[in-house]
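Quick notes on the structure that follows.
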Amino acid sequence: MYRYFLKPLLDSCIALVAFIFLLPVFMVVFVFLLITNSGSSFFYQLRPGKHGTIFKIIKFKTMNDKKDVNGNLLADDQRLTKVGQIIRKTSFDEIPQLLNVIKGDMSIVGPRPLLPQYLKLYSKQQARRHEVKPGITGWAQVNGRNAISWEEKFQLDVWYVEHQSFLLDLKIIFKTFKKVFVSEGISQEGQATTTFFKGSSNE
């Protein structure tokens with residue numbers, strides 16, 4: 001009952017209230033990024049949701065679009081702006097995703113939505129992360145976030161799918177606030193975010 005009825009209802013209500021509450025922060029970040037990114041405050045990208053259905057995610061843009069002499073985007077750590085670093089440390093870049101939750105593409109809690117090209121790289125077990133809606137935060141995020149390996153991350157995602165409950169979601173939300181406060185696990189060592197997934201080493 002929780003997974004199919006109560007959770008979607010709570011997602012919509014919490015996301016709407018949170019967005020209204022955070023609107024002043026939203027507007028301040030929007031203006032700062034509008035200036036530092038030369039008119040571009042938002043980052044849009046296609047991501048797979050429940051059952052692999054593709055949707056467009058929205059986040060605050062924390063990296064610029066600088067390219068090398070060959071026209072390729074520079075590495076993430078070279079494009080991450082100073083303002084972007086602050087916004088990412090505070091996780092303010094995730095605020096616009098509340099709109100994805102209100103729209104019904106995402107949940108407050110669930111496996112993080114990754115890139116569409118990863119769909120064909122998952123093992124059968126790893127693909128189970130798409131049995132539920134992706135979330136703004138999740139079990140993997142409060143147990144290492146980007147600082148753990150892909151295999152560990154997917155194991156945690158599937159564990160969440162199998163054990164999803166109201167109390168677990170509540171625990172994840174509280175742990176998320178703690179993680180944001182101490183800025184733990186934001187990136188892998190030597191990376192601005194995380195490395196690309198190239199397939200399971202167990203296959």
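The values are calculated or read from the model by the stated rules, or taken from the named source; none is laboratory data. Keep in mind that what you see is a predicted model, and the values were worked out from it rather than measured. All Cβ positions, even for glycine, are placed from backbone atoms using ideal geometry, and neighbour counts span all protein chains on display. Accessible surface is based on the protein model in full, side chains and every heavy atom, while ligands, DNA and RNA are left aside. Shrake-Rupley method; radii C 1.70, N 1.55, O 1.52, S 1.80 Å.
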Subject >> Heavy atoms of Asp77: accessible area, 1.4 Å probe, square angstrom to 10 >> reply: 90
**OP:** Calculate I(q)/I(0) for segment 35-104 by the Debye formula, one identical point scatterer on each C-alpha and no solvent, and give its log10 at q = 0.15 Å⁻¹ to two decimals.
**Re:** -0.59
**OP:** Collect residues whose amide H, placed 1.01 Å from N in the peptide plane, falls under 5 Å from the amide H of Phe43; neighbours closer than 5 in sequence don't count.
**Re:** Lys59, Phe60, Lys61
Subject >> Assigned charges on the beta-carbon of Lys, Arg, Asp, Glu; the chain dipole about Cα centre (debye) >> reply: 240
Subject >> DSSP beta bridges in the chain [antiparallel fraction, %, rounded to 5] >> reply: 80
Original post:
Just how much of Ile54 is accessible, in Å², when a 1.4 Å probe is used and the result is rounded to the nearest 10?
Top reply: 80
Subject >> Over the chain, relative contact order from alpha-carbon pairs under 8 Å, at least 6 apart, % >> reply: 21
Subject >> Built amide H within the under 5 Å cut-off of Gly110, gap 5+ >> reply: Gly135, Ile136, Thr137, Gly138, Trp139
Original post:
Which of the listed residues, Gln97, Val180, Phe5, is farthest toward the dipole's positive end in the chain, when Lys, Arg count +1 and Asp, Glu count -1 at the beta-carbon?
Top reply: Phe5
**OP:** Indicate the helices, whole DSSP H runs only, in the chain that combine a mean Kyte-Doolittle hydropathy of -0.5 or more with a Cα extent along their long axis of 27 angstrom or more.
**Re:** none
Original post:
If you build the Cα gyration tensor of segment 68-139 and take the root of 5 times each eigenvalue, what three semi-axes come out, in whole angstrom, biggest first?
Top reply: 26, 20, 11
**OP:** Give Lys50/Lys82; Lys7/Lys175; Lys50/Lys103; Lys7/Lys59; Lys133/Lys179 a once-over and call out the pairs whose C-alpha atoms are over 25 Å from each other.
**Re:** Lys50/Lys82
Subject >> Summed side-chain charge close to Asp93 - residues other than Asp93 whose Cβ falls under 10 Å, Lys, Arg +1, Asp, Glu -1 >> reply: +3
**OP:** Go through segment 131-143 residue by residue and turn each phi into a ³J(HN,Hα) via Karplus (6.51, -1.76, 1.60, θ = phi - 60°); whole Hz please, and just put x for glycine and proline.
**Re:** 6, 10, 5, x, x, 5, 9, x, 4, 5, 5, 8, 10
Original post:
Under a 1.4 angstrom probe, counting protein chains only, how are His163, His130, His51 ranked by accessible area, largest first?
Top reply: His51, His163, His130
Subject >> Heavy atoms of Glu162 accessible to a 1.4 Å probe, total area in Å² rounded to 10 >> reply: 100
Subject >> Gyration tensor (alpha-carbon) shape descriptor, the chain, a/c threshold 1.5 >> reply: oblate
**OP:** Sort Met63, Met1, Met27, Met106 from largest to smallest accessible area, using a 1.4 Å probe on the heavy atoms of the protein chains.
**Re:** Met1, Met27, Met63, Met106
Original post:
Do any trypsin sites (Lys or Arg not before Pro) in segment 104-133 lie in a DSSP loop with no more than 11 other beta carbon atoms within 10 Å, and if so, which?
Top reply: Lys124
**OP:** May I ask you to compute the full-extension gain from Asn72 to Ser12, defined as 0.36 nm times their residue separation minus their alpha-carbon distance, rounded to one decimal in nm?
**Re:** 17.7 nm
